[in-house]
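Okay, structure first, notes after.
Throughout, read-outs are computed from the coordinates displayed, never taken from laboratory work. The structure displayed is predicted, hence computed values, not measured ones. Note that each Cβ is placed from the backbone with ideal geometry, even for glycine, and that neighbours are counted across all protein chains shown.
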Amino acid sequence: MRRILTLALHDLRLTAKDRPVLFWMVIMPVGFVFLFGSMGGGERTPRIDLTVVDEDGSFLSGAFAEALGREGFRITRMTPQVADTSAAPDRRLRVPAGFQDSVRAGRQVPVFLDIQSDANAAASFTAELHVQRAIWKTIVNLIASGHELGLAPVRANEPAAPFAVDEVFESAFTAAAARPEIITVEVESGGRGRPVPSGMNHSLPATITLFMLINTGIYGGVFLTQEKQDRVLARQATYPMSPAAILAGKLLGRVLMGLTQALILILAGRFLLGAYLGNSAFGLFAVILCLSFTVAALALFWGAVLRSVEQTTAITLVVSLFLGAIGGCWWPLDVVPAWMRAAGHVSPAAWAMDAFHALISFGAGPGAVLLPCVILVGYGLLFLAVGARLLRFSD
Amino acid sequence: MLSVEGLSRSFGSLQAVRDISFRVHPGEIYGLLGPNGAGKTTTISCICGLLRPSSGRIELHGTDLGSQPIAFKRRIGVVPQEIALYGDLSARENLSFWGRLAGLRGSALQRRVTAVLETVGLAERSREPCRKFSGGMKRRLNLAVGMVHEPQLLLLDEPTVGIDVQARINILDVVRDIARRGTAVLYTTHYLEEAQELCDRIGIMDKGKIFAEGDLEHLKGLVGEGQILTLRGGFAADALRPVVAADDTVRIVSLEDGAAMLDIPPHRGEVSSVLSRILGHGLSIDDISIQEPNLQSVFLKLTGRELRD
């Protein structure tokens, strides 16, 4: 066991001695997490900006704007004069003059939502829904305050009698608006139709997976190729260790490389970039450990079958990038067609990403990562068996 | 004591080692001498457990390699023909790693690393990455790695290939010193002078077989008391052959156009008689040398072939 550990720690030491390691294992992957996390919407629950141009300036138009604010919008109020001289915002809601009078008289009155063509489409769609909700809530509050004041109900196809918007009415309306909602809707995602992982929630696990594939693959593969070339591996085989023990040492070394890479990114992601890591530390550790085993075994496979350092570097890099791409490290598999999603699961990266997303984006517990972990270990055993079979300690 | 009995190793249809047997005693330097492709490295590879013998038995102090490989390997040190080191690590780091792999730990490891660095003359540059070393320094470090854990048997496979005279002298001195302390040494080389100078006993190997073994005097005795007459000149091999063959006591060791080696009996006047006969047939000779029997003549007599580098 001590010799296995000696071999494993030796590989870590060789990795640390490589000068570009700081760039490949720290600077570049942390940069990736930040860059892709920011590009994909780094905030978990972004607030949507909405500019309200109140041309009416009445109690009811103000109450409507407040209802919009309660919908989670970041409201910017503007007078028509200021709005005319300002640059057009992404989303602008115009409440026309005569809004309150029309409502009092029971006449239909439109409000206008202007959306810039380059505004975030998803945010604008959400804004539309929330504007609708604010309208409904305002109507509900009108009905409730009318009922409170004993106003005669409006019958269908009959003109409504205008009501006075005085202090009594305002007080009744404000009280109605402050009441807790009697019926609420609890929304829970399940099965298909779940939200697409984005921002740091995607970029952190994607970068962990991708750089474990790349760095463990390249360093782990190149070290073994170099040892074969320099006949160091043959020399190791003359020491009091079985070939299986030598393989175990090399596998452990590469597992430690993978864990180191993951640890660097998790610490940087959590404490430097404020990324969310889910609620199950055990589940997260299980996924990372299984993925480390898989990439370690894959690195041994590369080292066993490839003959030169140059060949190993080039092939490992290209294949790692490919496995990462089809496995959902560059973009979430949720955005690709179903056949591509299914084909992508040929890559171990896809199973790792499934597990990470379950924990981080969908709040699942450790039970959700069991299947991906079993499959990752299966891949690892396959790579290990083929690599061990093909590895030659001497010519 | 290393005991090799009936060792054979084949690669497909090629028999690299054919039923060889020899022993190496503690404190003895046993040389395996032979040309490239003779089977020396295959023999060493079998003894260090790198290759599985096709047949035969290898034991060290009663520990059988086949049934107790780990225990066997614990007692041996190997210096391969190639410089098998980590170029990015310093001499000290290399020795520490290999020493740890051999089972040394803590202060014992540090003590041994320091000692072997002194022995091979690398103490002052022990902290430099060894990729910066000269070929001779790397060879010395290669040797140091094999002996850092004080093995009972040291296997050296052509450890002086491609180095300068000073480095070679240092390595040979170190090997002698190791043997003096009781380590059995198995040393393969194709340098005749090296084997002659260093080894207590020599096995002459070619085509996978050991043709003869013993100390130098014993091997010289195999050639007889004769002298080796080497001739160079403008003669044709076909013209010289019948002239020499007329004398039953003279044996042709090697013959080609312009060069011949003849085994001459030690009778008084025999050399001048042979030369007179050749010159009498009108064959021209430009250069003559007469040698006492040596390892080369033993090798030529046993294998009928020139040593090849």
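Quick look at the numbers
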{"read-out": "Simple Cβ-charge dipole of segment A:49-178, Lys/Arg +1 and Asp/Glu -1, about Cα centre, in debye nearest 20", "value": "280 debye"}
{"read-out": "Under-5 Å amide H pairs with B:Gly31, H placed in peptide plane, nonlocal only", "value": "B:Tyr187, B:Asp200, B:Arg201, B:Ile202, B:Gly203"}
{"read-out": "Rounded to 10°, Cα long-axis angle of helix A:370-390 versus longest principal axis of chain A", "value": "20 degrees"}
{"read-out": "Net length gained if the chain between A:Val309 and A:Leu9 were fully extended (0.36 nm per residue, minus Cα distance)", "value": "105.9 nm"}
{"read-out": "Average partner coverage of A:224-237, which counts Cβ from other chains inside 10 Å", "value": "4"}
{"read-out": "Furthest towards positive pole of dipole, B:Thr114, B:Pro80, B:Val161, structure part segment B:47-186, Cβ charges", "value": "B:Thr114"}
{"read-out": "Chain B: relative contact order as a whole-number percent, Cα under 8 Å and 6+ apart", "value": "21 percent"}
{"read-out": "Relative contact order [Cα under 8 Å, 6+ residues apart], segment A:49-178, whole percent", "value": "27 percent"}
{"read-out": "Surrounding net charge for B:Ile163, when Lys and Arg each add one and Asp and Glu each subtract one, Cβ distance under 14 Å", "value": "-1"}
{"read-out": "Antiparallel DSSP beta bridges within segment A:26-131, as percent of all bridges there, nearest 5", "value": "30 percent"}
{"read-out": "Rounded tilt (10° steps) of A:348-360 against the dominant C-alpha axis of chain A", "value": "40 degrees"}
{"read-out": "For residues of A:238-246, the mean tally of beta carbons on other chains within 10 Å", "value": "6"}
{"read-out": "Cα-based equivalent ellipsoid, segment B:77-118: semi-axes from gyration tensor eigenvalues, Å", "value": "17, 12, 10"}
{"read-out": "Candidate lysines - alpha carbon under 28 Å from A:Lys250, same-chain residues fewer than 8 apart omitted", "value": "A:Lys17, A:Lys228, B:Lys73, B:Lys132, B:Lys138"}
{"read-out": "Ratio of Rg to Rh over chain B (Cα coordinates, Kirkwood Rh, two decimals)", "value": "1.07"}
{"read-out": "Segments B:19-27, B:92-100 sorted - mean Cβ within 10 Å per residue, highest first", "value": "B:92-100, B:19-27"}
{"read-out": "Potential extension, A:Leu370-A:Glu170 segment - 0.36 nm per residue separation minus Cα distance", "value": "66.2 nm"}
{"read-out": "Projected label distance in nm at B:Asn36 and A:Ala105, using a 7 Å step from Cα toward the beta-carbon", "value": "10.9 nm"}
{"read-out": "Ranked packing of A:287-295, B:159-167, B:243-251, most packed first, by mean Cβ within 10 Å", "value": "A:287-295, B:159-167, B:243-251"}
{"read-out": "Modelled label reach - B:His25, point 7 Å along Cα→Cβ, segment B:191-213 residues with backbone N closer than 18 Å", "value": "B:198-203, B:213"}
{"read-out": "Fully extended contour minus Cα-Cα distance, from A:Arg392 to A:Ala281, at 0.36 nm per residue", "value": "36.0 nm"}
{"read-out": "Ordering of B:177-187, A:77-87 by packing [mean C-beta count within 10 Å, highest first]", "value": "B:177-187, A:77-87"}
{"read-out": "Computed over chain A: relative contact order in percent, which uses C-alpha pairs under 8 Å that are six or more apart", "value": "20 percent"}
{"read-out": "Principal axes of segment B:225-292: Cα extent on each, largest first, Å", "value": "28, 20, 16"}
{"read-out": "Averaged over A:6-16, number of beta-carbon atoms from partner chains that fall within 10 Å", "value": "3"}
{"read-out": "Estimated distance in nm for a label pair at B:Ser254 and A:Val82, the labels positioned 7 Å out from Cα along Cα-to-Cβ", "value": "10.5 nm"}
